[in-house]
C-alpha cells in the first residue's frame, strides 16, 4: 500500500520464529518522510503458511487462510490513519503511525466478533492436543454467536456492553425455536457446551481488563442430557433375526447391529479401515482413535461383529473405500431404522446413536463390570479416573470382556433361542 510519501510493507519475519509454538510473527514496516519505523502485529502464521507467502500481495497465497483476514484488518487501520492525515495535509512520522495502529488495534480487538475469531486462530485452530471434532464444535459455537449478534444488529458490540441480559438472550436463542427462519432450538445440554466456550472467552476478556464481570458465569443451564433410550437384548434379537426385511433394509440393519456389537459411533464405524483390525492368534483386535475426541479405543471383536464384516468384505463400496461396512449417510440410516423398528414391533424411536448406548447396556448385562475396560472399549477418557495412574488395561482384560460378551450374545441371539425351534 503506497500513499504519497508513505509506504507500508507487511511481511513475516522467519528469524523471529517462536521456539514455543513454531509460528512466525507478522511485522509492519512504515516509511514516512524518509524515516522508518517497525512494529510487530499480534498475528503469527505457521511455517506452512510462510511457504505460501506472496511478498507482492503481502498476503498468504491461500484464499481460505484465516490469517489473511487478520492482516486485512491491520492494513485497513493503516490505510485509514494515513488517509486521514493526507486529507488534512498534516505531516505524520512513521513512528506516529505505528503508535496509532496499536491504539486503534486495541479497539478492534475489543469488538466481540473480532476477538472470538482471534481466540480461535490463536488457541484452537493449530492446537495439536484438540481433535478435529472439538475444533469443529468451536467453529459452530462461534458461528452461533456471530449469527446471534447479526440478527440483533450488534456486529460491532464490544465486551463491556455485552451484559447479563444479552448472555441470557443468547442462551434463549440457542434453545428456542425460530419459526420465522425455520431453525429448531437445541436441547439445554447441547447449548451448555456452547455457553461453556464463551465463559472461557469472556474470562480471558476479564483478565485483559475489557470487562468487570463475566456475564456467562451467571447463566444457569442443564449440562446433562436426558437418559438415552437403550435396546434390550430381546430388541437386538428381534432386529437381528427379522425375516421380513428388504435387501436394502438388511444393509441398514447390519450397519446398526455392527455398532451395537462394537459400541462404535456412526462416524467411527463408517470410516473404519481394514488396517484398524489385526488378527492375534484366533482373535481379531480393533484399535482406533475416536474421531470426536481422539481418545483411543480397543477391543476384541465378538463373532456377531465378525460375521457382518465377512458378509460385506466383497461389497464394491467396501472394497473401494478399503472399509469394513457399506457407507451410507447417517440421515438415511436413521430414516430406514424407523421402518425397521415398525416391522419388528419396537416402539422406541430407533436411531444409529442408540446402538452405542445399547452396547454399553449389553456389556453390563453380560457381566463386564471393570470400568477401565469398558472405557477402553468405548474410547472414553480416563483422565479423572484415579485407577488410570496405577492400573493399565491389558489384552488379557480385554479378552476376558470379549469372552463374557460373546457368551451372552450367543445365549440370547441365536435363531433357535429366539424362535424356540
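The values are calculated or read from the model by the stated rules, or taken from the named source; none is laboratory data. Predicted model only: the values in this text are computed from it and were never measured. Please note: Cβ atoms are built from the backbone with ideal geometry, for glycine as well, and neighbour counts cover all protein chains shown.
Results for (1) surrounded by fewer than 15 Cβ atoms within 10 Å (Cβ to Cβ); (2) at pLDDT below 90; (3) closer than 20 Å to residue 246 by Cβ, shown as yes or no for each residue.
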| residue | (1), (2), (3) |
| --- | --- |
| 323 | no, no, no |
| 331 | yes, no, yes |
| 344 | no, no, yes |
| 360 | no, no, no |
| 387 | yes, yes, no |
| 394 | yes, yes, no |
| 401 | no, no, no |
| 409 | no, no, no |
Next item on the list: Would you confirm whether any residue within segment 161-170 is in a helix (DSSP H, G or I), closer than 30 Å to residue 413 by Cα and out of contact with any helix residue (DSSP H, G or I) (no Cβ under 8 Å at 6 or more places or on another chain)?
Entry: no
Check: Among the helices (runs of 4 or more DSSP H) contained in segment 21-120, which hold 2 or more residues that are more than 25 Å from residue 198 (Cα to Cα) and at pLDDT 90 or above?
Finding: 47-51
Notebook entry, point to check: Out of all the residues in segment 1-17, which are over 14 Å from residue 82 (Cβ atoms) and in contact with a strand residue (DSSP E or B) (Cβ under 7 Å, 6 or more places away or on another chain)?
Noted result: 11, 12, 13, 14, 16, 17
Check: How do the pairs read when you match residues in segment 1-15 that are closer than 21 Å to residue 49 by Cβ with residues anywhere that are surrounded by fewer than 11 Cβ atoms within 10 Å (Cβ to Cβ) and modelled with pLDDT of 85 or more, using Cβ under 7 Å and keeping only pairs 6 or more apart or on different chains?
Finding: 11/55
Notebook entry, point to check: Inside segment 174-194, can you point out the residues that are surrounded by fewer than 20 Cβ atoms within 10 Å (Cβ to Cβ), part of a helix (DSSP H, G or I) and in contact with a helix residue (DSSP H, G or I) (Cβ under 9 Å, 6 or more places away or on another chain)?
Noted result: 175, 188, 190, 193
Next item on the list: For residue 245, work out the one condition from (1) touching a helix residue (DSSP H, G or I) at 6+ places or on another chain (Cβ under 7 Å); (2) surrounded by fewer than 13 Cβ atoms within 10 Å (Cβ to Cβ) it doesn't fulfil.
Entry: (2)
Check: So, in segment 19-52, of the ones that are more than 27 Å from the chain's Cα centre (by Cα) and over 23 Å from residue 97 (Cβ atoms), which residue ends up surrounded by the fewest Cβ atoms within 10 Å (Cβ to Cβ)?
Finding: 19
